[in-house]
Amino acid sequence: MAGETYRRCPECNHLNLNSDYCEQCGALININLRRMQEREKLAEDKEKEKQLEKPNAVSQYFKKKMQHPNLFIRIPAKALYSVWVVVMAIGAFLAFVFSYFTV
C-alpha cells in the first residue's frame, strides 16, 4: 500500500494508479507537472512579448546618433546621452526617497 497513488482523470474520470498520465485518454493528471508546464508556457509567452516590445524613441534616437559615421554628430550625442542617463538616475533616486519617506 505504501507508495501507491491513485489519481482520478479530470477528462474521463478514470482511476489511475501511480501514473502522471491517464491510461485511458492520455490526459495529464499530475498537478505538479501541469503547473510546471503552465509556468514554462507563461515564461515563453513573456519572452516573446519582450522580444516584440519596441524600445522608446529617446533610446532609439541616441543609439542611432552614437553610431553615426560623422565625429561631430557622434561626440555631442554621447555627451547628451550621458547627461540624460544622469538626469534619469537622479530622478529615480528622488522618486525612491520621496516614496520611502512619505509613507
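Tabulated results
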| quantity | calculated |
| --- | --- |
| First in segment 40-63 and within 26 Å of ARG74 (Cα to Cα), second anywhere and among the basic types (Lys, Arg) and surrounded by 10 or more Cβ atoms within 10 Å (Cβ to Cβ), Cβ under 8 Å, 6 or more apart | PRO55/LYS63 |
| Residue that is farthest from MET88 (Cα to Cα) [pool: residues in segment 46-76 that are of a type in the set (Val, Ile, Thr) and more than 28 Å from the chain's Cα centre (by Cα)] | ILE73 |
| Test: residue in segment 66-74 that is more than 30 Å from GLU4 (Cα to Cα), among the charged types (D, E, K, R) and modelled with pLDDT of 90 or more | yes |
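The values are calculated or read from the model by the stated rules, or taken from the named source; none is laboratory data. The model shown is predicted, which means the values in this text are computed figures rather than measured ones. Positions of Cβ are generated from backbone atoms using ideal geometry, with glycine treated the same way; all protein chains shown enter the neighbour counts.
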